[in-house]
1. How much of the accessible area of the chain, in percent, comes from carbon and sulfur atoms when a 1.4 Å probe is used?
2. May I ask you to derive the FRET efficiency for Asn318 and Asn114 from their Cβ-Cβ distance with R0 = 41 Å, giving the value to the nearest 0.05?
3. Does anyone have the angle between helix 321-336 and the longest principal axis of the chain? Alpha-carbon axes, 0 to 90°, nearest 10?
4. By a straight-distance test (C-alpha under 18 Å), which lysines pair with Lys302 as possible cross-link partners, with residues fewer than eight away in the same chain excluded?
5. Could you state the number of Å between the C-alpha centres of segment 146-188 and segment 25-52?
6. Give the accessible surface of segment 338-420 per residue, rounded to a whole number of Å², with probe radius 1.4 Å and ligands, DNA and RNA excluded.
7. So how do 70-77, 206-213 stack up, highest first, on mean other-Cβ count within 10 Å?
8. Going by amide H atoms built from the backbone, whose H comes under 5 Å of the H on Gly271, apart from near neighbours?
Amino acid sequence: MKLVDNKAILSFSNGAPSVELPIYAGSIGPDVIDIRKLYAQTGMFTYDPGFLSTASCQSAITYIDGDKGELLYRGYPIEQLATSCDYLDVCYLLLKGELPNERQRNDFHKLVINHTMVNEQMQFFLRGFRRDAHPMAVLTGLVGGMSAFYHDSTDINNPEHREIAAIRLIAKMPTLVAMAYKYKIGQPYMYPQNHLSYAGNFLRMMFGTPCEEYKVNPVLERALDRIFILHADHEQNASTSTVRLCGSSGTNPFAAIAAGVACLWGPSHGGANEACLNMLEEIQASGGVAKVGEFMEKVKDKSSGVKLMGFGHRVYKNYDPRAKLMQETCNEVLTELGLENDPLFALAKKLEQIALEDDYFVQRKLYPNVDFYSGIVQRAIGIPVNLFTGIFALARTVGWIAQLNEMISDPEYKIGRPRQLFTGSPRRDVPPLDKR
Ligand code: SDX
């Protein structure tokens, strides 16, 4: 980041001395006002719950232009990556900053594929959960539990440990997600097969059984790989910020990523794809397209507390570029499976069309986000609704690790410790029991 000539001058109407604050520019996107010395100079904090106007760090990984609807991973547009690369190429890019050449690509793919098995003990760890537990509860436990197995990669300040932990997490997440699924449905776990692709391996671990050969459908394999790419990273969203804050204490990478999994579970964040599919099924059950108008009235009536899940975004005030690509993937998969008349897909497109013409949504710049179509395509592939966010966590693991490693290798980083505006009781003495 570079200091610019422009300065921010903070003046006070009560005549207190004004404060000059430096301004820094990045490579693209908004400049920042450096307020690090503000408290020392004024005795005051800034106030920004939800961080609507706050940059928590500098990063070179992912750039989003919410007005243009642009998403770049290390400078490459998501549209090009989703069509010209596979997910492991994108993992290499996010972790190392450049796309791999042929040799680097083969070495990296082999490295990841050869780390897909988990410690045999982990299956006993799973047994402690109820079979009807939500897969995200199980996954939060399993990912955190990895720090109980891989002691040779828990020192986050050791670059070798960070490298090994990154490979282990990227490689083992599909195995853990598939194990959580198999555990829930009472089927035996499927061991990874090194001759399969990353997405193909996951499909087989999810839907294969020891009783017969599992044939990977190349259209579903490609669709799943694209879903992973679209969810790989997204700047300083809630779960990434959670991972950074958690990791800033120096805890091990597995614990920090487990914190990200827990945060992603929320319906306002990664849990939105599950909530969106449930919303579509509810509308379908109550009458389908004919009931869309009534549903939209509820959404616009704030007192109903009903939101159009899969719509809106803190940063995108234009169409989420991932939603467009997800809709295309949806089309491809439904056509491949002969489900092009899937009623939920028709319903989703109707909802989108009405929302994009409705003043309530237009005024608030509410567009479909990554979660709006992802549930429909995952459901068509056969992934159960309550595992959608687990797929999101699988794909986002590389983004979390890249952001965590970027923070740890930044010489400026400190443990994150925000302050507050205190509104509670001033000092008072404890009254005796008979006086309370
Ligand atoms: C993800 O941050 C990321 O990058 C996240 C993510 C990633 O890749 O990591 O992109 C993944 O989490 C995508 C978002 C998934 N969540 C949902 O689809 C849930 C539904 N969306 C909303 O909850 C909401 O849009 C958020 C949480 C996504 C964004 O909320 P903001 O930025 O805090 O905006 P807001 O709630 O202040 O909304 C502004 C206005 C409000 O109305 P007014 O008070 O101005 O009258 O828009 C309304 C909101 O009530 N609004 C919605 C709405 N989203 C916002 N109204 C109906 N339906 C919605 N979905």
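1. After summing per-atom areas, the C and S share lands at 53 percent.
2. 0.50
3. Once rounded, one gets 10 degrees.
4. Straight-distance partners of Lys302: Lys365.
5. 36
6. 41
7. Output ranking for 70-77, 206-213: 70-77, 206-213.
8. For Gly271, the qualifying residues are Gly266.
The values are calculated or read from the model by the stated rules, or taken from the named source; none is laboratory data. Quantities reported herein were computed from a predicted structural model and do not represent experimental measurements. For neighbour counting, all protein chains shown are included, and Cβ atoms are generated from backbone atoms with ideal geometry for every residue, glycine included. These accessible areas exclude ligands, DNA and RNA; they are computed on the full protein's heavy atoms, side chains included. Shrake-Rupley method; radii C 1.70, N 1.55, O 1.52, S 1.80 Å.
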